[in-house]
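Below: one structure, written as structure tokens.
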Amino acid sequence: MQHDGGEELETLKVYGVELKSRLLLGTSKYPSLDVMGKSVRAAEAEVVTVSVRRESSRFREGQEFWRIIRDLGVRVLPNTAGCYDVKEAVTTARMAREIFNTPWVKLEVIGDRDTLAPDVFGTVEAARILCTDGFEVFPYTTEDLIVCDRLVEAGCKALMPWGAPIGSGKGLNNPFGLRVLRARFPDTPLIVDAGIGLPSHATAAMELGYDAVLLNTAVGTAGDPIAMARAFREAVEAGYAAYRAGPMQPRDLAAPSTPVVGKAALT
Amino acid sequence: MKLVVNGVEQDVAAETLAAALGALEYGEALVATALNGEFVPARKRAETFLREDDRIEIVAPRQGG
């Protein structure tokens with residue numbers, strides 16, 4: 001490790017794509033499309049999540065949204081949000097692949113309506129189908145080690161464990177589990193997805209050695225989403241830099257920071 | 001022909017999925033389609049024939065987290 005403080009931050013490589021930004025941002029829940037676009041720019045996000053939804057030929061809301069996303073020049077990560085079974089998720093992924101012309105998919109197979117906890121069994125099954133079909137799958141999962149093992153076996157080359165339930169803003173519910181995953185998968189891009197509420201949560205995820213964080217609600221519903229996007233960008237950069245700088249190990253007892261030797265004898 | 005388009009029952013004068021999209025005035029809009037729960041790629045729409053009570057889903061890009 002260098003000791004001159006000048007270590008350059010590495011790019012994140014996921015499915016062969018190099019990204020400078022380690023903050024992936026959702027495009028939902030903003031007060032307007034204009035604020036959404038400005039927030040993406042303030043976050044300096046290179047990847048944004050999107051979805052597919054029913055389109056009315058009369059209102060064509062999706063066409064305007066897509067024009068704005070294209071103008072931002074970012075890469076899109078389509079999701080299968082709201083899907084509760086494997087077939088529905090796979091069909092949604094295929095529709096999204098055609099629309100967005102990308103093999104990337106954020107795979108969500110939801111198992112519970114209150115917690116939006118992933119159905120990890122369905123997620124593994126859908127991941128297997130999609131990976132075989134040429135998709136590059138980013139699975140939304142729990143931090144369960146064995147499930148993540150199965151997802152990697154299915155062909156996933158990135159994992160997205162939740163920090164806490166989607167939209168809850170509770171941060172990292174199980175730092176221990178996330179740390180174990182990091183140790184078990186040192187070469188797989190790990191992205192904390194869901195549950196991040198504050199910039200400090202994002203920093204904490206990066207300090208655990210995570211490669212990136214994905215969030216939406218914390219920025220989209222902030223009083224000033226653009227300012228919050230900037231705060232998250234700085235938080236992610238700080239956490240990543242801190243991890244690379246080698247954090248100290250915590251200890252139970254105090255340790256004086258000022259040298260004891262050489263203290264004047266005054267009593 | 002009676003079809004269910006995005007959950008709404010409609011009479012659509014079309015024999016194929018491509019013709020239905022035209023009749024429903026989607027024009028050049030960027031959409032993807034499914035018929036009775038199965039994805040139908042754009043290149044297959046013209047050869048995908050419809051039957052009474054078929055369920056068509058027509059989706060487009062939208063905000064997502």
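Annotations for the structure displayed:
- Where a residue in the range A:10-35 is of a type in the set (Val, Ile, Thr) and its partner, wherever it lies, is part of a loop (DSSP other than H, G, I, E, B) and open to solvent by 60 Å² or more (accessible area, probe 1.4 Å), with Cβ under 6 Å and at least six apart: A:THR11/A:LYS20
- Condition met for A:TYR240 (more than 21 Å from A:ALA127 (Cα to Cα), open to solvent by less than 50 Å² (accessible area, probe 1.4 Å), modelled with pLDDT of 95 or more and within 12 Å of the chain's Cα centre (by Cα)): no
- Long-range neighbours under 8 Å by Cβ, at least six apart or interchain, first residue farther than 20 Å from A:THR27 by Cα within the range A:200-216, second assigned to a helix (DSSP H, G or I) and among the acidic types (Asp, Glu): none
- Test: residue in the range A:94-104 that is open to solvent by 20 Å² or more (accessible area, probe 1.4 Å), more than 25 Å from A:ALA202 (Cα to Cα), more than 9 Å from chain B (Cβ to nearest Cβ) and part of a helix (DSSP H, G or I): no
- Residue in the range A:165-175 that is at positive phi, open to solvent by 40 Å² or more (accessible area, probe 1.4 Å), within 14 Å of chain B (Cβ to nearest Cβ) and not in a strand (DSSP E or B) present: yes
- Here A:LEU23 fulfils each of the conditions (1) within 13 Å of chain B (Cβ to nearest Cβ); (2) surrounded by 19 or more Cβ atoms within 10 Å (Cβ to Cβ) apart from (1).
- Applying a threshold of 9 Å to beta carbon distances and a minimum spacing of six or more residues, or different chains, the list of pairs starting in the range A:75-87 at a residue that is within 11 Å of chain B (Cβ to nearest Cβ) and ending at one that is open to solvent by 20 Å² or more (accessible area, probe 1.4 Å) and small (Gly, Ala, Ser) reads A:ASN79/B:GLY65; A:ALA81/A:SER28; A:ALA81/B:GLY65; A:LYS87/B:GLY37.
- Here A:GLY220 fulfils each of the conditions (1) over 20 Å from A:ALA117 (Cα atoms); (2) within 14 Å of chain B (Cβ to nearest Cβ); (3) open to solvent by 30 Å² or more (accessible area, probe 1.4 Å) apart from (3).
- All of B:VAL8, B:VAL31 fail the test of being surrounded by fewer than 14 Cβ atoms within 10 Å (Cβ to Cβ), within 11 Å of chain A (Cβ to nearest Cβ) and either in contact (Cβ under 8 Å) with a residue 40 or more places away in the chain or among the β-branched types (Val, Ile, Thr) (or both), apart from B:VAL8.
- Test: A:ARG53 is more than 22 Å from A:GLY195 (Cβ to Cβ) and part of a strand (DSSP E or B): yes
Let's see how each residue does on (1) farther than 25 Å from A:VAL47 by Cβ; (2) at pLDDT 95 or above:
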residue	(1), (2)
B:GLU25	yes, no
B:GLU28	yes, no
B:VAL40	yes, yes
B:ARG43	yes, yes
B:PHE49	yes, yes
B:ILE56	yes, yes
B:VAL59	no, yes
B:GLY64	no, yes
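- In the range A:57-73, of all residues being at pLDDT below 95, outside any helix (DSSP H, G or I) and open to solvent by 40 Å² or more (accessible area, probe 1.4 Å), the one that is farthest from the other protein chains (Cβ to nearest Cβ) corresponds to A:PHE59.
- Meets criteria (within 20 Å of A:THR91 (Cα to Cα), more than 8 Å from every other protein chain (Cβ to nearest Cβ), acidic (Asp, Glu) and open to solvent by 70 Å² or more (accessible area, probe 1.4 Å)) for B:GLU47: yes
- Scanning the range A:178-193 for residues that are open to solvent by 10 Å² or more (accessible area, probe 1.4 Å) and touching a residue at least 12 places away in the same chain (Cβ under 8 Å) gives A:ARG179, A:VAL180, A:ARG182, A:ARG184, A:PHE185, A:THR188, A:PRO189.
- Condition broken by A:ALA183, with the remaining ones in (1) outside any strand (DSSP E or B); (2) under 30 Å from A:VAL35 (Cα atoms); (3) out of contact with any helix residue (DSSP H, G or I) (no Cβ under 8 Å at 6 or more places or on another chain) satisfied: (2)
- Selection from the range A:105-115 of residues that are part of a loop (DSSP other than H, G, I, E, B) and either among the polar types (S, T, N, Q) or touching a residue at least 60 places away in the same chain (Cβ under 8 Å) (or both): A:THR115
- Odd one out for A:GLU234 among (1) among the acidic types (Asp, Glu); (2) under 14 Å from the mean Cα position of the chain (by Cα); (3) open to solvent by 30 Å² or more (accessible area, probe 1.4 Å): (2)
The values are calculated or read from the model by the stated rules, or taken from the named source; none is laboratory data. Note that this is a predicted model, so its numbers are computed, not measured. Note that each Cβ is placed from the backbone with ideal geometry, even for glycine, and that neighbours are counted across all protein chains shown. Remember, those area values only see protein heavy atoms, side chains included, never the ligands or the DNA or RNA. Shrake-Rupley method; radii C 1.70, N 1.55, O 1.52, S 1.80 Å.
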